[in-house]
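Student: Please read through the structure below; I'll follow up with questions.
The values are calculated or read from the model by the stated rules, or taken from the named source; none is laboratory data. Remember, predicted model here, so these are calculated numbers, not experimental data. Counting neighbours? That spans all protein chains shown, and the Cβs are built from the backbone with ideal geometry, glycine included. Areas reflect the complete protein model, heavy atoms only, side chains present, ligands, DNA and RNA absent. Shrake-Rupley method; radii C 1.70, N 1.55, O 1.52, S 1.80 Å.
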Amino acid sequence: MATKIRATLAQLLWLVCALAALVLALGALLIALDANRSNALVGWILDAADFVDLGVFSRVDGIKQFRGDGAGIKNALFNWGLGAIAWLVVGRLLDRIIKP
């Protein structure tokens, strides 16, 4: 019984981390495509990406800040891309640690 609970918990944590990575990747794509930010779905995805970047991978004040032409797009792609990779790595590590 404990084995099944641990396996389910590991799977659930992996799913949450993968969804966070997906939100960041979608957010970066929407920024790169210059999507209509007044659209409710686009706004929701960008807000969710701002939430799951945890401030560390922020497109405004993240790990790397680009200047000049296209800086906003570069910041989103770089910082949110790193954030997505980090979420996937953490999710896989948690999965391996928790899973029996």
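Student: Only one of (1) in contact (Cβ under 8 Å) with a residue 12 or more places away in the chain; (2) assigned to a helix (DSSP H, G or I) is not met by ARG59, so which one is it?
Tutor: Here ARG59 meets the rest and fails (2).
Student: Do you know which residues across region 67-77 are of a type in the set (A, V, I, L, M, F, W, C) and open to solvent by 80 Å² or more (accessible area, probe 1.4 Å)? Walk me through it before giving the result.
Tutor: Kept after step one, since they are of a type in the set (A, V, I, L, M, F, W, C), are these residues of region 67-77: 71, 73, 76-77.
Residue satisfying the conditions is LEU77 alone.
Student: Could you please tell me which pairs satisfy a Cβ distance under 9 Å, a separation of 6+ or placement on different chains, a first residue in region 1-20 that is under 18 Å from ALA48 (Cβ atoms), and a second residue that is open to solvent by 90 Å² or more (accessible area, probe 1.4 Å) and basic (Lys, Arg)?
Tutor: CYS17/ARG92
Student: Within region 30-47, how many residues are open to solvent by 20 Å² or more (accessible area, probe 1.4 Å), within 12 Å of the chain's Cα centre (by Cα) and of a type in the set (A, V, I, L, M, F, W, C)?
Tutor: Count: 1.
Student: Another question about this same structure. Among the residues of region 83-91, is there at least one that is free of Cβ contacts under 8 Å to residues at least 12 places away in the same chain and more than 16 Å from LEU29 (Cα to Cα)?
Tutor: At the first step, the residues of region 83-91 found to be free of Cβ contacts under 8 Å to residues at least 12 places away in the same chain are 89.
Subsequent filtering for residues that are more than 16 Å from LEU29 (Cα to Cα) retains 89.
Checked region 83-91: at least one residue is free of Cβ contacts under 8 Å to residues at least 12 places away in the same chain and more than 16 Å from LEU29 (Cα to Cα).
Student: Let me ask you something else. Quick one: is SER58 hydroxyl-bearing (Ser, Thr, Tyr) and touching a Gly at 6+ places or on another chain (Cβ under 9 Å)?
Tutor: Taking the combined requirement at face value, the residue satisfies it.
Student: Still on this model: For LYS64, all conditions in the list (1) open to solvent by less than 40 Å² (accessible area, probe 1.4 Å); (2) over 30 Å from PRO100 (Cα atoms); (3) of a type in the set (D, E, K, R) hold save one; what is the number of the exception?
Tutor: (1)
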